[in-house]
Every structure is written in structure tokens, then in C-alpha cells.
1. Would you mind ranking B:V131, A:V12 by Cβ crowding within 10 Å, fewest neighbours first?
2. To the nearest 0.05, how large is the calculated FRET efficiency for B:A331 and B:V163 if R₀ is 30 Å and r is the Cβ-Cβ distance?
3. Based only on other Cβ atoms within 10 Å, what is the fewest-to-most ordering of B:Y165, B:Y150, B:Y335, B:Y92?
4. Please order B:I341, A:I78 by the number of other Cβ within 10 Å, starting at the fewest.
5. Which value in nm describes the separation of the simple spin-label points at A:L33 and B:S133, placed 7 Å from the Cα toward the beta carbon?
6. Can you tell me the relative contact order of the stretch B:6-112? Whole percent, Cα pairs under 8 Å, sequence separation 6 or more.
7. Treating the Cα atoms of the stretch B:79-372 as identical point scatterers in vacuum, please give the log10 of the normalised Debye intensity I(q)/I(0) at q = 0.10, 0.13, 0.14 Å⁻¹, two decimals.
8. For B:A81 paired with A:N115, estimate the spin-label separation in nm (one decimal), with each label point 7 Å from Cα along the Cα-to-Cβ line.
Amino acid sequence: MYGLGIAKGMLVVLKHIFRKPITQQYPEEHVVLAPRFRGYDFAWVESRCTGCATCAKACPQGCIDIVTHPKEDGRYAIDKFDIDTGLCMICGLCVEVCPYDALFMGRGFDLSSYNRWDLVVHKDDIGNRPQLSAYFRPPFGGQSANREDVDGLYQASTGQPKPEEAKP
Amino acid sequence: MQELILSMLVGRAPDWVVVFVTSLLGVVAIFTFVIFSNLAAVWIERRLLGRFQIRSGPNRTGPEGLLQPLADALKVVGKEAIMPFAVDKWVYLAAPAAVFAPAILSFAVIPYAPGLTLLNIDVGILFLGAVGSVGVVPIFMAGWSSNNKYSLLGAMRAIAVTVSYEIPLILSLIGILVLGATLHLETLVEYQIEHGWFLFLQPLAFIIFFIAGSAELNRTPTDIMEGESELTAGFHTEYSGFKFTLFYLAEYTHVLAFSAVIVTLFMGGWGSGPGLDLIPPALWFAAKMYLIFCVFVWTRATLPRMRIDQLMGFAWKFLIPLTLMNILITAIEVYVGLASIPIFLINTVLAAVLVVLWTRVVSVRGVAVNRSEYVARMMSQPTGQAGR
């Protein structure tokens, strides 16, 4: 019969009123992100960073700005470590190439602001709100030495206990 | 209220002042009601469309998004009103106002409560049909004066569809006129309260009126003229700022006017059931009007858009013959002199039967072929003729 399909369709849509809407009311309810989600808030471990600037060289946009000066014991002291999250495309190349596991990606994405200056993250603010992403630094196996501070960060952000050590 | 003013004026002022003042008050009241209903309709449509699509509509501006229409109005008014260089200036400027006027004129003849009609003329339905027909011309004015071939195409399509669908619109009302034997809207409302709503006595006419009305109003599924993904915005592409606000308001006013007309003609106007007279009749009218508006939103949420040729075929080949059959059947029933309940039963059954039978007779798509036969036929042809 002509119109029966329309009637069935309209009844289905009518039942939708009685379903709970699937909208997530954003500021009150946060999206549950996957553990390997890559976001803007970077975590930088100052004790491990040697100022080699491999991350700055790897960044395709040139977001990372590093200024260092040599100290007495031969290592570099880092004066400035800025990441311009306005330019960043969250490719993760900087995190991937760091030889000392000093840079991590977070899972946050709400760094919006009203002007471009505030999007540049300085070395004092980096790592303030880390929700570490497991994309490049999975918490199981194959890690380099001196993991204590990173484990502490991971624990603090995800609330999960320290993962097991991998067998060499 | 009317009596108070009349008593103050009648002894002391000439007749024309009394008529003028009461009419002016009526116009102000209707205008307020229409503007308020427009804002309410914008809110209802956005929230309800959201709930039909399992999402919440706007709920941030104000509690539950109640200030959203105000935000929309402020946004549209704040936009720059760009007038392209080579438009036909006076026609371009007159079109938005001309679209708004027929939409709001329909509210003049509708009875809101027993004895409360602004324009209590004896030819109410004729007035409604005439005003609806006038609404075609400003659309063409808008499309032509925009100096834009896509606007013109949109306007031509809109005119074709509007003019085609006016015929089933008016013909479906003739069944009601045959039963009620009058064009006067108040008398029809009283007939309905006494004999039963025309929704039940003329179900086929109601469905056809609803579909044809939906096409007149450029609502989905028949909004090929201004579908946002079709011809950009159709005939109102070149309008922005306040002129676009007038088109937008005119569209919602038109929908509300149609809802009001459907309530008056098919759902008993201001009438309610026996014993429910404690709630004022004007409130019943408003409640029913918003209910029909919600049905329009429901249709919009469900149905995909029809193509222009499908639309035209539907009107001319399907709806018009059905309306003519409806008139014949209603006339036979009145001639034989049936009471309401037999009319209701016969009409409902015959509506279903007629729709089924008429779809067998007319096929809007062309020759209907059994699918496996079609595939066999196509596969058995040599490759050179496969294009046939």
C-alpha cells in the first residue's frame, strides 16, 4: 500500500523522542578518549632533556623553539623551550625522534584561547596538565633507562598503576 | 474586552471610529500572537528536530535554549544587507515584504474563540485560497530581480510546484464544503463541534491537504526550491540581513497560518470535548495549532526530499484524481443523507481502498517490471545493445 513505508518511518522517528539524546554536554561531561589519542598538551621531562633540539629539527612546521647555553659540566642548560600549539599539527614526529624520551604527547585538546600568543606553551607550563598519550610511548616494554619520573607522570595522569617491566 | 470598549465608544463616537478601534485592537492582538508564535515556532522546531534526531537541540542560550530565537534574530539583523549591483532595485526591495503579507493575512479570517474573528466574512475559505495564491507572485519577484540564474531557476521551480499544489489544496476542501454547506469559517467550526471533526469525516481530504500544504510551504520533503544543499538557497540566495529575516519569518508565519487553517477546518477550531470548557477556547486553539506544527516538524525530520519531477507527477497524476473522487463520494453521501458515524467509517475505508487502487492505475515511475525478469532480459542481450 502506498504510504505504508512512510507511516512506518514516521513511527520510528516518533519513538526517537523517548530515547535519551546522545549529545555529550561538553563542558560538564568530557569525552572519554582512547589511551592512544594524540593531543596538544605536551609533557616535557626537564631532567632528561639534553637540549639536542632533535625535536625542533624534526618538526615539519617549526613549532619548537629551543635556546640553550653551555654549562660548566659540559651539558646544556635550556633557557627557552617553547612549543607553538597554534602551528602544531599533532603529527608526533618530535615525540618519535627524541633520543632521551624527554617529550611526550598528552591527550588534551582544549588549549583554546582568544589570541595567538596564549597558544605558545613555555617551558614552565609544559607538562602542567599531562594526560599522557600511549601513542609513541606505550607503557609496556622496550623503554630506556631512568623511567621513574615518567612513570610518576603516567600514574598521576591516568590513575593506573605502574606497568610491568619488560624482559630484556 | 470588546464590550467594554464598545460601551465606552458607542454612545460618544461615530460608527466608523468604533469599527476602526476594534479592528485596530484585533490587528495588534493578532500581530502579537503571530510574532510570539514565530519565536516559539523557531524554538520548537530546533529542539524538536533535534529530539527526533536523537540529539538535544540548542540548550545553551538561556535556560533550555529559550533565548535561541532571540539570538537568531540578533544575528540575522546584525548581518550586512548586501544588494548586488545589477538587481532590479524596487522589485528586489519589495519582494520580502510582499512575501510576508499574504502569510499573515491568513490569520485574519480564523475564528480563535466563539465570536472572536477579526474579519467575519461569509467567504472565509475563498479568502484563504485567494491569499495563498497571491503568495506565488513575490517568490517570482525575488527570483527574477536577483539577477542570478540559479535564483531564477529556484523561483520558477517554486512557482511550478506552488501552482500545481494549489489545485489539490483547494479541491480537497470542497469535500468539507459539501458536508458543511457554507464557506463561512465560524459556521464550519460549529458544524464540526456538533457533527464531529472533519479530520474523521474526511480523512483523505486531510491527508491531501496536509501534503499539498507542505508543498506550498516549501517544507521538506518538498523543499526542492530552497533546500540548502540544492540550488544554494533558491530564490532567496541574494538576500541577507533584514530582508532575509523577512523571508525567514514569512516562512514560519506561513507554516503557522497553515497550521491554524488545518485546525479550523479539520480539527474543530476552538472546540474541545464535552465538559472540557473550563480551559478557554483560544487556548485549545493555540494548543491544537502547535500540535499540527509539531506534525510538520515530524514530517521534516523523517522524509527525504523529492525530486522536482517526482513532485509534479505526484500532484497532477495522484493527488488531483484522488480529490475528485473524494468530492464524488462525499457528494453521494450527502445526497443519500447519511449521519456522521457511517460517513466516518465509509470515508476511512474508501480512502485506503482508493489510495491502493489508484497507485495500481497510475505509476509515477514508468512501467513497473518484475526484477528477476528485468535482470534476465538485460543479461540475455548482446553487449552492443546493453545501453537500451
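Computed from the coordinates by the stated procedures, all read-outs in this text should not be read as laboratory data. None of these values were measured; they are calculated from a predicted model. Positions of Cβ are backbone-derived with ideal geometry, glycine not excepted, and every protein chain shown enters the neighbour counts.
1. Details: B:V131 19, A:V12 10.
So the residues, fewest neighbours to most, are A:V12, B:V131.
2. Values: r = 26 Å, r/R0 = 0.87.
Working from the Cβ atoms, E equals 0.70.
3. Numbers: B:Y165 26, B:Y150 17, B:Y335 9, B:Y92 20.
Taking fewest neighbouring Cβ atoms as first place, the list is B:Y335, B:Y150, B:Y92, B:Y165.
4. Numbers: B:I341 12, A:I78 17.
The fewest-first ordering by Cβ neighbours comes to B:I341, A:I78.
5. Taking the two extended label points, one gets 6.4 nm.
6. Working: 34 pairs, mean separation 18.5, N = 107.
Reported relative contact order: 17 percent.
7. One equal scatterer on each Cα of the stretch B:79-372 leads to -0.58, -0.94, -1.06.
8. Output for this residue pair reads 3.6 nm.
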